[in-house]
Amino acid sequence: MCENCLTTFTARSRRSFLKGAAGLAFAGYAGSAFAQSTTPAQPVAGEAALKRLTEGNARYAANQPRERDFSAGRAARAQSQYPFASILSCADSRVAPELAFDQGPGDLFVVRVAGNFVNEDGLASLEYGAQVLGSQLILVLGHTGCGAVAATIDVVKNNTKLPGHLPSLIGAIRPAVLEAQKESPADLLKAATIANVRFNVESLKRAKPVLAQRMAEKKLVVAGGVYDLATGKVELV
Ligand SMILES: [Zn+2]
(Lines give C-alpha, C1' and ligand atoms only; values in the text may rest on other atoms or scores of the structure.)
Protein backbone atom coordinates (compact mmCIF):
# COMPACT_ATOMS: atom_id res chain seq x y z
CA MET A 1 0.00 0.00 0.00
CA CYS A 2 1.42 3.39 -0.98
CA GLU A 3 2.04 6.04 1.63
CA ASN A 4 -0.84 8.25 0.42
CA CYS A 5 -3.21 5.27 0.36
CA LEU A 6 -2.21 4.41 3.89
CA THR A 7 -2.80 8.01 5.00
CA THR A 8 -6.24 8.02 3.39
CA PHE A 9 -7.08 4.64 4.87
CA THR A 10 -5.99 5.74 8.32
CA ALA A 11 -7.99 8.97 8.11
CA ARG A 12 -11.09 7.07 6.96
CA SER A 13 -10.72 4.48 9.70
CA ARG A 14 -10.31 7.20 12.31
CA ARG A 15 -13.38 9.08 11.05
CA SER A 16 -15.54 5.98 11.10
CA PHE A 17 -14.21 5.08 14.55
CA LEU A 18 -15.03 8.50 15.92
CA LYS A 19 -18.41 8.52 14.18
CA GLY A 20 -19.21 5.10 15.59
CA ALA A 21 -17.96 5.99 19.06
CA ALA A 22 -19.92 9.24 19.09
CA GLY A 23 -23.01 7.35 17.93
CA LEU A 24 -22.62 4.88 20.76
CA ALA A 25 -22.18 7.70 23.24
CA PHE A 26 -25.29 9.41 21.92
CA ALA A 27 -27.24 6.17 22.18
CA GLY A 28 -25.97 5.91 25.74
CA TYR A 29 -27.35 9.33 26.64
CA ALA A 30 -30.68 8.55 25.00
CA GLY A 31 -30.94 5.41 27.09
CA SER A 32 -29.87 7.03 30.32
CA ALA A 33 -33.35 6.78 31.83
CA PHE A 34 -32.61 3.11 32.33
CA ALA A 35 -29.25 3.75 33.96
CA GLN A 36 -28.55 3.85 37.67
CA SER A 37 -29.89 6.90 39.49
CA THR A 38 -26.44 8.41 39.99
CA THR A 39 -25.84 8.50 36.24
CA PRO A 40 -26.47 11.96 34.75
CA ALA A 41 -28.59 12.31 31.63
CA GLN A 42 -26.32 15.21 30.63
CA PRO A 43 -22.59 15.72 31.23
CA VAL A 44 -21.71 17.45 34.50
CA ALA A 45 -20.25 20.94 33.98
CA GLY A 46 -16.56 21.27 34.82
CA GLU A 47 -16.90 23.40 37.97
CA ALA A 48 -19.66 21.18 39.33
CA ALA A 49 -17.52 18.12 38.63
CA LEU A 50 -14.61 19.67 40.52
CA LYS A 51 -16.93 20.38 43.47
CA ARG A 52 -18.06 16.76 43.40
CA LEU A 53 -14.43 15.60 43.52
CA THR A 54 -13.57 18.01 46.33
CA GLU A 55 -16.52 16.85 48.41
CA GLY A 56 -15.66 13.22 47.77
CA ASN A 57 -12.06 13.79 48.83
CA ALA A 58 -13.25 15.39 52.08
CA ARG A 59 -15.30 12.25 52.83
CA TYR A 60 -12.30 10.03 52.02
CA ALA A 61 -9.86 12.05 54.13
CA ALA A 62 -12.33 11.92 57.03
CA ASN A 63 -12.67 8.16 56.53
CA GLN A 64 -16.40 8.60 55.94
CA PRO A 65 -16.96 7.25 52.43
CA ARG A 66 -20.48 6.78 51.12
CA GLU A 67 -21.93 3.32 51.47
CA ARG A 68 -22.69 1.88 48.09
CA ASP A 69 -23.76 -1.28 46.39
CA PHE A 70 -21.37 -1.86 43.49
CA SER A 71 -23.58 -4.54 41.94
CA ALA A 72 -26.53 -2.14 41.61
CA GLY A 73 -25.27 -0.30 38.54
CA ARG A 74 -23.53 -3.16 36.80
CA ALA A 75 -26.20 -3.83 34.17
CA ALA A 76 -26.38 -0.13 33.26
CA ARG A 77 -22.60 0.19 33.17
CA ALA A 78 -22.38 -2.72 30.76
CA GLN A 79 -24.40 -0.64 28.28
CA SER A 80 -22.69 2.74 28.56
CA GLN A 81 -20.43 4.97 30.62
CA TYR A 82 -20.84 8.53 31.86
CA PRO A 83 -17.64 9.51 33.67
CA PHE A 84 -18.20 13.01 35.05
CA ALA A 85 -14.47 13.75 35.37
CA SER A 86 -11.16 12.69 33.86
CA ILE A 87 -8.04 12.32 35.98
CA LEU A 88 -4.42 12.37 34.83
CA SER A 89 -2.77 10.63 37.79
CA CYS A 90 0.63 9.29 38.73
CA ALA A 91 0.89 5.49 38.60
CA ASP A 92 1.99 5.42 42.26
CA SER A 93 0.23 2.55 44.04
CA ARG A 94 -0.59 4.75 47.01
CA VAL A 95 -2.68 7.14 44.93
CA ALA A 96 -6.03 5.53 44.09
CA PRO A 97 -8.27 8.09 42.36
CA GLU A 98 -11.62 6.32 42.83
CA LEU A 99 -10.90 5.91 46.54
CA ALA A 100 -9.33 9.34 47.04
CA PHE A 101 -12.42 11.04 45.60
CA ASP A 102 -14.93 8.54 47.00
CA GLN A 103 -16.28 7.60 43.58
CA GLY A 104 -17.39 4.33 42.05
CA PRO A 105 -16.97 2.45 38.78
CA GLY A 106 -18.08 4.54 35.83
CA ASP A 107 -17.54 7.88 37.58
CA LEU A 108 -13.95 8.67 36.62
CA PHE A 109 -12.03 8.33 33.35
CA VAL A 110 -8.49 7.78 34.62
CA VAL A 111 -5.23 8.01 32.70
CA ARG A 112 -2.15 7.05 34.69
CA VAL A 113 1.56 7.35 34.06
CA ALA A 114 4.42 7.70 36.53
CA GLY A 115 4.90 11.44 36.94
CA ASN A 116 1.36 12.35 35.71
CA PHE A 117 2.53 14.09 32.52
CA VAL A 118 0.84 14.40 29.15
CA ASN A 119 2.10 12.25 26.30
CA GLU A 120 0.53 11.44 22.94
CA ASP A 121 -1.36 8.36 24.07
CA GLY A 122 -2.52 9.96 27.29
CA LEU A 123 -3.70 13.01 25.38
CA ALA A 124 -5.62 10.81 22.94
CA SER A 125 -7.32 9.08 25.87
CA LEU A 126 -8.25 12.40 27.47
CA GLU A 127 -9.59 13.66 24.13
CA TYR A 128 -11.78 10.56 23.96
CA GLY A 129 -12.96 11.15 27.52
CA ALA A 130 -13.88 14.74 26.71
CA GLN A 131 -15.26 14.56 23.20
CA VAL A 132 -16.91 11.15 23.11
CA LEU A 133 -17.73 10.43 26.74
CA GLY A 134 -18.60 14.02 27.60
CA SER A 135 -16.33 14.57 30.60
CA GLN A 136 -16.05 18.32 31.16
CA LEU A 137 -13.28 18.25 33.75
CA ILE A 138 -9.68 17.06 33.59
CA LEU A 139 -7.81 17.06 36.89
CA VAL A 140 -4.05 16.61 36.76
CA LEU A 141 -3.19 14.87 40.02
CA GLY A 142 0.33 14.94 41.41
CA HIS A 143 1.20 13.71 44.88
CA THR A 144 3.64 14.15 47.72
CA GLY A 145 6.67 11.87 47.76
CA CYS A 146 6.52 11.26 44.00
CA GLY A 147 9.34 8.91 43.00
CA ALA A 148 9.24 10.01 39.37
CA VAL A 149 9.73 13.67 40.28
CA ALA A 150 12.40 12.76 42.88
CA ALA A 151 14.26 10.69 40.26
CA THR A 152 14.14 13.61 37.82
CA ILE A 153 15.59 15.93 40.46
CA ASP A 154 18.37 13.40 41.04
CA VAL A 155 19.16 13.27 37.33
CA VAL A 156 19.12 17.07 36.99
CA LYS A 157 21.28 17.65 40.07
CA ASN A 158 23.63 14.68 39.91
CA ASN A 159 23.48 13.64 36.27
CA THR A 160 22.46 10.15 37.40
CA LYS A 161 22.13 7.60 34.60
CA LEU A 162 18.96 5.53 34.69
CA PRO A 163 18.33 2.19 32.94
CA GLY A 164 15.88 1.14 30.25
CA HIS A 165 13.20 3.60 29.15
CA LEU A 166 13.30 5.67 32.32
CA PRO A 167 15.23 8.52 30.64
CA SER A 168 12.20 9.31 28.43
CA LEU A 169 10.04 9.66 31.53
CA ILE A 170 12.66 11.91 33.11
CA GLY A 171 12.73 14.00 29.95
CA ALA A 172 9.01 14.69 30.29
CA ILE A 173 9.29 15.87 33.90
CA ARG A 174 12.59 17.75 33.54
CA PRO A 175 11.05 21.10 32.38
CA ALA A 176 9.05 21.33 35.62
CA VAL A 177 12.11 20.62 37.77
CA LEU A 178 14.14 23.26 35.91
CA GLU A 179 11.29 25.75 36.37
CA ALA A 180 11.00 25.01 40.09
CA GLN A 181 14.76 25.30 40.56
CA LYS A 182 14.72 28.95 39.44
CA GLU A 183 13.07 29.97 42.72
CA SER A 184 15.61 28.01 44.85
CA PRO A 185 12.80 26.56 47.00
CA ALA A 186 13.56 25.03 50.41
CA ASP A 187 11.65 21.93 49.34
CA LEU A 188 12.49 21.29 45.70
CA LEU A 189 10.50 18.04 45.53
CA LYS A 190 7.33 19.82 46.64
CA ALA A 191 7.95 22.80 44.35
CA ALA A 192 8.75 20.57 41.36
CA THR A 193 5.67 18.43 41.99
CA ILE A 194 3.46 21.54 41.91
CA ALA A 195 5.31 22.93 38.88
CA ASN A 196 4.83 19.60 37.07
CA VAL A 197 1.09 19.66 37.73
CA ARG A 198 0.79 23.27 36.53
CA PHE A 199 2.97 22.62 33.48
CA ASN A 200 0.70 19.76 32.40
CA VAL A 201 -2.49 21.69 33.14
CA GLU A 202 -1.27 24.38 30.75
CA SER A 203 -0.27 21.76 28.16
CA LEU A 204 -3.75 20.25 28.22
CA LYS A 205 -5.46 23.64 27.96
CA ARG A 206 -3.47 24.40 24.82
CA ALA A 207 -3.76 20.92 23.28
CA LYS A 208 -5.17 21.35 19.77
CA PRO A 209 -7.50 20.58 18.23
CA VAL A 210 -9.87 18.83 20.63
CA LEU A 211 -9.18 20.11 24.13
CA ALA A 212 -8.38 23.71 23.16
CA GLN A 213 -11.62 23.82 21.17
CA ARG A 214 -13.65 22.49 24.08
CA MET A 215 -12.01 25.04 26.38
CA ALA A 216 -13.09 27.78 23.95
CA GLU A 217 -16.64 26.39 23.93
CA LYS A 218 -16.72 26.39 27.77
CA LYS A 219 -17.20 22.64 27.71
CA LEU A 220 -14.00 21.83 29.55
CA VAL A 221 -12.25 22.86 32.75
CA VAL A 222 -8.66 21.75 33.36
CA ALA A 223 -7.48 21.91 36.96
CA GLY A 224 -4.54 20.64 38.99
CA GLY A 225 -4.15 19.16 42.45
CA VAL A 226 -1.63 17.45 44.71
CA TYR A 227 -2.63 14.42 46.77
CA ASP A 228 -1.01 14.26 50.21
CA LEU A 229 -0.06 10.67 50.99
CA ALA A 230 -0.04 11.37 54.72
CA THR A 231 -3.48 13.00 55.06
CA GLY A 232 -5.34 11.72 51.98
CA LYS A 233 -6.28 15.31 51.16
CA VAL A 234 -6.06 16.84 47.70
CA GLU A 235 -4.99 20.46 47.52
CA LEU A 236 -5.79 22.32 44.33
CA VAL A 237 -2.75 24.10 42.93
ZN1 LIG B 1 4.38 9.66 41.59
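The values are calculated or read from the model by the stated rules, or taken from the named source; none is laboratory data. In this text, all values refer to a predicted model and were calculated from it rather than measured experimentally. In this analysis, Cβ positions are derived from the backbone assuming ideal geometry, glycine residues included, and neighbour counts consider all displayed protein chains. Just the protein is used for accessible areas: all its heavy atoms, side chains included, with ligands, DNA and RNA removed. Shrake-Rupley method; radii C 1.70, N 1.55, O 1.52, S 1.80 Å.
Checked against (1) open to solvent by 80 Å² or more (accessible area, probe 1.4 Å); (2) over 24 Å from Thr193 (Cα atoms); (3) of a type outside the set (Val, Ile, Thr), Leu99 meets all criteria but (2). Test Tyr128 against the stated conditions and say whether it is in contact (Cβ under 8 Å) with a residue 40 or more places away in the chain, under 18 Å from Pro43 (Cα atoms) and surrounded by 15 or more Cβ atoms within 10 Å (Cβ to Cβ). Taking the combined requirement at face value, the residue satisfies it.
Return the total of residues in segment 200-227 being of a type in the set (Gly, Ala, Ser) and open to solvent by 30 Å² or more (accessible area, probe 1.4 Å). Going through segment 200-227 one residue at a time, the tally reaches 2. Among residues of segment 131-172 being within 30 Å of Glu217 (Cα to Cα) and among the β-branched types (Val, Ile, Thr), the one that is surrounded by the fewest Cβ atoms within 10 Å (Cβ to Cβ) is Val132.
Looking at Leu204, Leu141, Leu188, which is the one that is touching a Phe, Trp or Tyr at 6+ places or on another chain (Cβ under 8 Å) and among the aliphatic types (A, V, I, L, M)?
Working: Leu204 fails: touching a Phe, Trp or Tyr at 6+ places or on another chain (Cβ under 8 Å); Leu188 fails: touching a Phe, Trp or Tyr at 6+ places or on another chain (Cβ under 8 Å).
On inspection, the qualifying residue turns out to be Leu141.
Within segment 73-96, residues that are open to solvent by 30 Å² or more (accessible area, probe 1.4 Å) sit with their Cβ atoms under 7 Å from residues that are within 16 Å of the ligand (Cβ to nearest atom) and of a type outside the set (D, E, K, R), at 6+ positions apart or across chains, in these pairs: Ala91/Val113; Ala91/Ala114; Arg94/Leu229.
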